[in-house]
Amino acid sequence: MSGVALRVLIVEDEVFIALELECLLEEAGHVPVGVATRSAEAIALARDLAPDVALVDIHLADGPTGVAVAQALSAQAGTVVLFTTANAKRVPPDFAGAVGIIAKPYSERVIRAALAYVAGRYHGGAATGAPDGVVLAP
């Protein structure tokens with residue numbers, strides 16, 4: 001654990017993946033603040049809850065809208081976006097404002113390392129190197 005408990009919004013339409021992520025986050029000492037399955041819901045939750053991090057899938061219940069969600073959330077001060085997707089080719093070259101991509105299927109180790117990296121780089125935690133299993137934005 002990085003020492004910094006991050007508030008994390010999960011943007012994922014697969015219920016079992018979202019539940020697994022919630023448990024993993026709690027076990028790692030982070031706080032899942034909500035789960036969104038659609039783009040409008042994700043944007044509204046982020047506005048209301050001001051998460052430190054949003055884990056965003058590319059394909060949501062309302063279609064391939066994760067890129068638009070990432071753009072909206074990354075424009076919000078204090079929110080860092082990481083894509084969690086099996087469709088990394090759909091991420092635009094500018095990463096739509098996200099700081100990186102966690103490829104599915106991912107492991108608990110990769111999620112923990114990615115969040116430790118975000119905590120260190122963006123939220124005053126102990127700095128860590130670029131995590132294995134995460135493609136960082138250019």
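Just so you know, all these numbers are worked out from the coordinates, no wet-lab data involved. All values derive from a computational prediction rather than experimental measurement. FYI the Cβ positions are ideal-geometry reconstructions off the backbone, even for glycines, and counts take in every protein chain you see.
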Fill in the blank from the handout: Checked against the positive end of the charge dipole of the chain (+1 on Cβ of Lys and Arg, -1 on Cβ of Asp and Glu, about the Cα centre), the farthest of VAL4, HIS123, GLY29 is HIS123
Completion exercise
Percent antiparallel among DSSP beta bridges confined to the chain, nearest 5, equals 20
Fill in the blank from the handout: Expressed as a whole-number percentage, the relative contact order of the chain with C-alpha contacts under 8 angstrom and at least six residues apart is 22
Problem - Radius 13 Å from Cβ of LEU60, net charge of other residues (Lys, Arg +1; Asp, Glu -1) - result: -4
Fill in the blank from the handout: Per its Cα gyration tensor (rounded if a/c is under 1.5, else prolate when a/b beats b/c, else oblate), the range 16-138 is best filed as rounded
Fill in the blank from the handout: Least to most buried among ASP57, ASP13, ASP62, by other C-beta atoms within 10 Å and fewest first, runs ASP62, ASP13, ASP57
